[in-house]
Amino acid sequence: MLPIRPIGTAFQQQVWQALRHIDYGKTSYYQQIAYNIERPNAIRAVANAIAANPLAIIIPCHRIIAKNGQLQGFAGGINTKEQLLNLEQQYCAS
């Protein structure tokens, strides 16, 4: 993993670290991240921490989707998020 140290609260750091463990070409959802950091009731706080991600590609917040599979929120826009996910899935398929 690339050694980085973005500035944020301890909680944000915890969420961002969890995002870095989502494999290339895979997705996860807000509730799963909350469970992964052992804060299952902090789904909204997890979403807020993800939204505050200062390194959107390096800390792959684009890999977070809604539990129902829909694309939600991304600072670069939903179209960019979709393109990033498609690109990753394309390379994983090859």
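The values are calculated or read from the model by the stated rules, or taken from the named source; none is laboratory data. In this text the structure is predicted, and so the values were computed from the model without any measurement. Here Cβ is always computed from backbone atoms with ideal geometry, including for glycine, and neighbour counts include all displayed protein chains.
If the Cβ limit is 8 Å and pairs must be 6+ apart or interchain, which residue in region 42-63 that is under 12 Å from Leu19 (Cα atoms) pairs with which residue that is surrounded by 15 or more Cβ atoms within 10 Å (Cβ to Cβ) and of a type in the set (Ser, Thr, Tyr)?
From residues that are under 12 Å from Leu19 (Cα atoms), the pairs are Val46/Tyr30; Ala47/Tyr30; Ile50/Tyr30; Arg63/Thr27; Arg63/Ser28.
What about Ile57, is it among the aliphatic types (A, V, I, L, M) and modelled with pLDDT under 90?
Against the criterion (among the aliphatic types (A, V, I, L, M) and modelled with pLDDT under 90), Ile57 qualifies.
Looking only at region 50-80, count how many residues are surrounded by 15 or more Cβ atoms within 10 Å (Cβ to Cβ) and of a type in the set (D, E, K, R).
Residues in region 50-80 being surrounded by 15 or more Cβ atoms within 10 Å (Cβ to Cβ) and of a type in the set (D, E, K, R): 1 in total.
Given the residues Gln90, Gln83, Gln32, Gln12, which is the only one that is outside any loop (DSSP other than H, G, I, E, B), surrounded by 13 or more Cβ atoms within 10 Å (Cβ to Cβ), over 14 Å from the mean Cα position of the chain (by Cα) and of a type outside the set (Phe, Trp, Tyr)?
Gln83 is the lone residue from the list that is outside any loop (DSSP other than H, G, I, E, B), surrounded by 13 or more Cβ atoms within 10 Å (Cβ to Cβ), over 14 Å from the mean Cα position of the chain (by Cα) and of a type outside the set (Phe, Trp, Tyr).
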